[in-house]
1. With the cut-off at 20 Å, report for the stretch 1-61 the share of all Cα pairs above it, as a whole percent.
2. Which net charge results when you count Lys and Arg as +1 and Asp and Glu as -1 among the other residues whose beta-carbon is under 14 Å from that of residue 29?
3. Roughly how many nanometres apart are two label points built 7 Å out from the Cα toward the Cβ at residue 61 and residue 6?
4. Between residue 41 and residue 85, what length comes free when the chain is fully extended (0.36 nm per residue of separation minus the Cα-Cα distance, one decimal in nm)?
5. Per-residue HN-Hα couplings for the stretch 75-90, Karplus 6.51 cos²θ - 1.76 cosθ + 1.60 at θ = phi - 60°, whole Hz, x for Gly and Pro?
6. Which of the GluC sites (Glu not before Pro) found in the stretch 15-65 are loop residues per DSSP with 13 or fewer other Cβ atoms within 10 Å of their Cβ?
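Here, each number is a calculation from the coordinates, and none is a lab measurement. Just so it is clear, the structure is predicted and the values come from calculations on it, not from any experiment. Note that we place each Cβ from the backbone using ideal geometry, even for glycine, and neighbour counts take in every protein chain shown.
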Amino acid sequence: MIQDPEDRGGLLTSLHALFATAEGDRGRADEWIRKTVTEAKGYLHFHHSAYIVGSAYARMKKPDSALRYLQLAADDGFPCYPLFEKDPSLDNIRFLDSGTSLPGRGNSGSTSRPSFSDQVEESRAPVGQVHP
């Protein structure tokens, strides 16, 4: 916060969302996510906040939203695939029956790091819309 007291990138607000999920307060987590996305989207280093938002959605068992933000994080400058594979916050979405996968892993489990953007249906809400 010393370097960015205004939290322009939404890092602190996204962490509040993640902490709220750890406390089981989904409503408060959604509020923090909404604030993060509204105020920080477009910021140069938003990919860090997008990763945390994706992690919060994963903890809330909202895989579509989680995958959307994790892909955004990877595409926007945070392609830390080893973290995607090992972060316990992502355990709820790590192996989905629907065949979707985390960024950096194809459906076969290979590590060739293909994008799975085409797996997220066009009809789903755009980034920035919070799901119930």
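1. Counting every Cα pair in the stretch 1-61, those more than 20 Å apart make up 18 percent.
2. Here the charged neighbours net out to +3.
3. Placing both labels 7 Å along Cα→Cβ, they lie 4.0 nm apart.
4. 13.3 nm
5. Working through the residues one at a time gives 5, 9, x, 10, x, 8, 4, x, 5, 4, 6, 10, 5, x, 5, 9 Hz.
6. Within the stretch 15-65, the qualifying GluC sites (Glu not before Pro) (loop, at most 13 other Cβ atoms within 10 Å) are 23.
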